[in-house]
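For reference, the structure discussed in these notes is given below.
The values are calculated or read from the model by the stated rules, or taken from the named source; none is laboratory data. Every value quoted in this text rests on a predicted model; they were computed, and no experiment measured them. Counting neighbours? That spans all protein chains shown, and the Cβs are built from the backbone with ideal geometry, glycine included. For accessibility, only protein heavy atoms count, side chains too; no ligands or nucleic acids. Shrake-Rupley method; radii C 1.70, N 1.55, O 1.52, S 1.80 Å.
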Amino acid sequence: MKTRGQDSTVSDTGQKPAIQVICLGASGGPSEESVTAFLVRSVHSGWARGSLLALDAGSHLAPITRILERDFPTVSDGKRIDGPEPTVLTSGPFSGLELPHASARANALHVLRAYISAYLITHPHLDHISGFAINTAAFHATSKPKTLAALPMTVDAIKQHIFNDVIWPNLTDEDGGVGFVTFQRLKEGGDVMVGDGEGRGYIDVVDGLGIRAFKISHGVSTKVAPTHHHRGSISGFPDIPVINETTQFMARTSQPSPRLSATAMDIPCVVDSTAFFIRDDHTALEVLMFGDLEPDSISLYPRNRIVWEEAARKIALGLLRGIFIECSYEDAQGDAILFGHLCPRHLISELQSLAALVAEARATRAMEKSLRKRKRSVANGPDSAKHTVSVHNRKRSRSLAGRSVAKDIRRSSAPGHAASHVTTSPPLGQTLPAAAGLKVVVMHIKDTMKDGPYVGETILAQLQQHEAQLDESGTALGCEFVVAKSGESYWL
Ligand SMILES: [Zn+2]
Ligand SMILES: [Zn+2]
């Protein structure tokens, strides 16, 4: 067996990588080439068959073919120059994968058929599903159907509007279709019945990777359609995930924004999209990958904060390695013409929300740690001390039982409340920027197709400029920005 090229399995964070994300496409159009598509795998599961998860598939087989052409240097005119034995590439995103065929396109089809078993789709817009739809023509020789995993609103839209025997044949296994594709309808917020500990709620979509889905908002629609979410209530969050304490807290405390003070009938339809937490079963490490989204600050139905609360908790626990998020436009794009997307100033503002929540989550952890330490030391102390502290701890347990201890602390003005411990001892990592070490991979760049620098470069420069300004005022985020590029691989 031949091996070629250089070893590329080096973690981007300097630690042992747990998750590899391959960018197939990072564009939000208008060219159909390289529109949004990623592949995700657990490093621990190796290159086991069926272990690759596709996250959106606006483009798919074409970029896989192009990447293999690039990384298969001894191929000429579609034929490998030397022997017929299987080749294992040791450079590029598919480093370590055994390729049995001579040509890049035959190997690309092999990758699709043998290794990619599930497609996780953020929302049904064409730039996220068109490659998948076209590529279904190659699914016929696979031994089992490919899974399309998504929230029910996305599954329903794809079923009704793509695989309807009008736009495309019904290749699904529902309603008399031929069965190349099967649907996995995910529960929003995760499935409370599966997993335990930090893995609770995560649904396995491929071997070694579990996911949790959160709905996010992606602009407004002028139509009321089944695929679009319409707020059923203006008094809170009617369909937020309920399996974790964070979101329960949000449900209890979130006040409707003044923008939502009209009657429900007056509120236009909000287009739903999805953010996925993807968790490596082996290490419990995660990445967070967003579908298209708009900023909470201008959304009719702001829901990013729910995702940020969960992300902040994971960052405080040291479990979240990276965030993949869109930044479609440069800052010159006005708020009125964002069409449900982000630009650098809004991405920075969203990350500031995350950073504030990370600080809260770290304060909470610091308090919990100090509480455990205190309990341990008191356990060996005199009876009188035990009594005093047990009363104190009971008060504290009540506080901890609430969703957000940090918020309980802020609200409390009672002297002697557990809050005193938090305010007198600095939160963990207080001197570090909140998002220090976090990789933020920016994608869904909408190409201006104009002369001059590529808009992705402008977006990156603007993000770095915002970060430099924050740094000057002592509030740097500390994250590393990268603009995703087709053919690149991220080790997290
Ligand atoms: Zn898009
Ligand atoms: Zn979209």
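Taken over region 156-203, residues that are farther than 30 Å from Arg313 by Cα and either without any contact (Cβ under 8 Å) to a residue 40 or more places away in the chain or open to solvent by 40 Å² or more (accessible area, probe 1.4 Å) (or both) amount to 26. Residue under question is Phe72, and the condition is that it be open to solvent by less than 10 Å² (accessible area, probe 1.4 Å) and modelled with pLDDT under 90; does it hold? Answer is yes for this residue. Could you please find all residues in region 290-318 being more than 16 Å from ligand 1 (Cβ to nearest atom) and aliphatic (A, V, I, L, M)? Correct list: Ile298, Leu300, Ile306, Val307, Ala311, Ala312, Ile315, Ala316, Leu317. Selection of region 291-319 for residues being more than 16 Å from ligand 2 (Cβ to nearest atom) and hydroxyl-bearing (Ser, Thr, Tyr) yields only Ser297.
Every test in (1) within 16 Å of ligand 2 (Cβ to nearest atom); (2) in contact with a Ser or Thr (Cβ under 8 Å, 6 or more places away or on another chain); (3) closer than 18 Å to Ile278 by Cβ is passed by Leu24 save one, and that test is (1).
On the basis of being open to solvent by less than 10 Å² (accessible area, probe 1.4 Å) and modelled with pLDDT under 95, does Leu89 make the cut? Yes; evaluated as a whole, the condition is true for this residue. Considering region 128-138, and only residues there that are closer than 16 Å to Leu39 by Cα and surrounded by fewer than 22 Cβ atoms within 10 Å (Cβ to Cβ), the residue that is farthest from the chain's Cα centre (by Cα) turns out to be Asn135. For the residues Ala106, Ala141, the requirement of being more than 16 Å from ligand 2 (Cβ to nearest atom), small (Gly, Ala, Ser), part of a helix (DSSP H, G or I) and surrounded by fewer than 18 Cβ atoms within 10 Å (Cβ to Cβ) singles out Ala106. With respect to the stated conditions, Leu109 fails to be farther than 17 Å from His60 by Cα and either in contact with a Phe, Trp or Tyr (Cβ under 9 Å, 6 or more places away or on another chain) or at pLDDT 90 or above (or both). Candidates are the residues of region 356-366 that are surrounded by fewer than 23 Cβ atoms within 10 Å (Cβ to Cβ) and of a type in the set (A, V, I, L, M, F, W, C); the one that is nearest to Asp296 (Cα to Cα) is Ala356. Within region 330-337, identify whether any single residue is buried (at least 23 other Cβ atoms within 10 Å of the Cβ), within 16 Å of ligand 2 (Cβ to nearest atom), within 23 Å of Ile459 (Cβ to Cβ) and hydrophobic (A, V, I, L, M, F, W, C), and answer yes or no. No, every residue in region 330-337 fails to be buried (at least 23 other Cβ atoms within 10 Å of the Cβ), within 16 Å of ligand 2 (Cβ to nearest atom), within 23 Å of Ile459 (Cβ to Cβ) and hydrophobic (A, V, I, L, M, F, W, C).
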